[in-house]
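As structure tokens, the structure follows; a few thoughts come after it.
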């Protein structure tokens, strides 16, 4: 069986959730796939040749594949530019989320707008979809109208050799943080769905009750301002486990996620997680997380109570144990089962 991956990101692209998925899936399917030959097509690093529409036209090829696996939903329109070769490969696409269909504010440029105008109809042409959560599967059925019997759920994973509990005091010192202070960590952009307004309200109330608590806002170049807030910007991948381990609580207020990889990474580091029980998050944290389901103004008080109950806890062994249900090895092996099913092995 020959699999060709169509990756949406360039080889040189900074590590993101999608980039990690593309890299780990390729590496682990290559490792565990018996009698499977894998090839990978990534966008060119060249700014012009690697642009979206040039890549659609010239980069992504079917060659002699048995299966083409596009690893991100915005590659679905490429099918309109490709004729299936003589051996008629099957087309599988991984759908991470359908956020731009519900949050148009996330569309920042004309290229993205055009892609998402084409994605819904293009997705209907694929042979099978892999959704990264049951929530995402439900959204594909609701928003696209795709046959639920042709959607498989395969969760994302985490590298437990990298994301693991470390000495908290040493991690704080390594990042220049005061070991005597307590830290709430948020890894998120300032997009509407991430609810930074809620983060600010929660932190202000926590800060009112305990002056030794600070908030670390990490990820992207978007800041959150206020007394006691530390903005780190982009953190290189090797430093992310250190950042998680420096935190005393991980706070997740997003109301719409396809999976929620930072939540899983925090759990793998043994950090207590306090999260909004929205979208896919309950699937990730399971019964061991501090999940807030309230939609009322009372949710702020509930978040504050859970944070204060956990901030002196240290390693959350229940969260750590829950995280072991997810690994990139497991992601690859379950994806291989999808390949075998669609080919008829």
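The values are calculated or read from the model by the stated rules, or taken from the named source; none is laboratory data. What you see is a predicted model; the values in this text were computed from it and never measured. Because the Cβ atoms are built from the backbone with ideal geometry, glycine has one as well, and the counts that use them run over all protein chains shown.
Given the criteria in contact with a strand residue (DSSP E or B) (Cβ under 6 Å, 6 or more places away or on another chain), assigned by TED's automatic domain parsing to the domain that holds residue 335 and either assigned to a helix (DSSP H, G or I) or in contact (Cβ under 8 Å) with a residue 40 or more places away in the chain (or both), does residue 114 qualify?
no
For the structure I just gave you, tell me whether residue 263 is closer than 21 Å to residue 326 by Cβ, at pLDDT 95 or above and in a helix (DSSP H, G or I).
So residue 263 fits the description; yes.
Could you please find all residues in the stretch 266-287 being within 20 Å of residue 100 (Cα to Cα) and in a loop (DSSP other than H, G, I, E, B)?
Within the stretch 266-287, 278, 279, 280 meet the criteria.
Which residues, taken from the stretch 43-58, are within 13 Å of residue 82 (Cα to Cα) and surrounded by 14 or more Cβ atoms within 10 Å (Cβ to Cβ)?
Result: 55, 56.
Spot the failing condition for residue 186; the list is (1) part of a loop (DSSP other than H, G, I, E, B); (2) touching a strand residue (DSSP E or B) at 6+ places or on another chain (Cβ under 8 Å), and only one is missed.
Every listed condition holds for residue 186 apart from (1).
Assess whether residue 23 counts as being at pLDDT 90 or above and more than 20 Å from residue 125 (Cα to Cα).
In short, yes.
Return the residues of the stretch 288-324 that are touching a helix residue (DSSP H, G or I) at 6+ places or on another chain (Cβ under 8 Å) and free of Cβ contacts under 8 Å to residues at least 40 places away in the same chain; say none if nothing qualifies.
288, 289, 290, 291, 292, 294, 318, 321
Where the second residue is modelled with pLDDT under 95 and exposed (fewer than 13 other Cβ atoms within 10 Å of the Cβ) and the first is more than 12 Å from residue 330 (Cα to Cα) and lies in the stretch 26-40, which pairs have Cβ atoms under 8 Å and are six or more apart or on separate chains?
Filtered contacts from the stretch 26-40: 39/63.
Does the stretch 178-199 contain at least one residue that is buried (at least 17 other Cβ atoms within 10 Å of the Cβ), more than 30 Å from residue 100 (Cβ to Cβ) and in contact (Cβ under 8 Å) with a residue 60 or more places away in the chain?
Yes - at least one qualifying residue is present in the stretch 178-199.
Checking residue 105 against (1) surrounded by fewer than 21 Cβ atoms within 10 Å (Cβ to Cβ); (2) free of Cβ contacts under 8 Å to residues at least 60 places away in the same chain; (3) not in a strand (DSSP E or B), which single condition isn't satisfied?
All conditions are met except number (2).
One residue is enough: does the stretch 317-336 have a residue meeting the conditions touching a strand residue (DSSP E or B) at 6+ places or on another chain (Cβ under 6 Å) and under 24 Å from residue 22 (Cα atoms)?
Looking through the stretch 317-336, none of the residues is touching a strand residue (DSSP E or B) at 6+ places or on another chain (Cβ under 6 Å) and under 24 Å from residue 22 (Cα atoms).
Could you please let me know if residue 15 is out of contact with any strand residue (DSSP E or B) (no Cβ under 6 Å at 6 or more places or on another chain), under 30 Å from residue 188 (Cβ atoms), surrounded by fewer than 20 Cβ atoms within 10 Å (Cβ to Cβ) and in contact (Cβ under 8 Å) with a residue 12 or more places away in the chain?
yes
Take the stretch 79-102 and flag every residue that is in a helix (DSSP H, G or I) and either free of Cβ contacts under 8 Å to residues at least 24 places away in the same chain or touching a strand residue (DSSP E or B) at 6+ places or on another chain (Cβ under 9 Å) (or both).
79, 100, listed by residue number.
Somewhere in the stretch 207-228, is a residue part of a helix (DSSP H, G or I), touching a residue at least 12 places away in the same chain (Cβ under 8 Å) and in the same structural domain as residue 298 (by TED's automatic domain parsing)?
yes
Only one of (1) modelled with pLDDT of 95 or more; (2) more than 19 Å from the chain's Cα centre (by Cα); (3) not in a helix (DSSP H, G or I) is not met by residue 8, so which one is it?
All conditions are met except number (2).
Is it true that some residue in the stretch 68-78 is farther than 17 Å from residue 339 by Cβ, out of contact with any helix residue (DSSP H, G or I) (no Cβ under 7 Å at 6 or more places or on another chain) and free of Cβ contacts under 8 Å to residues at least 40 places away in the same chain?
no
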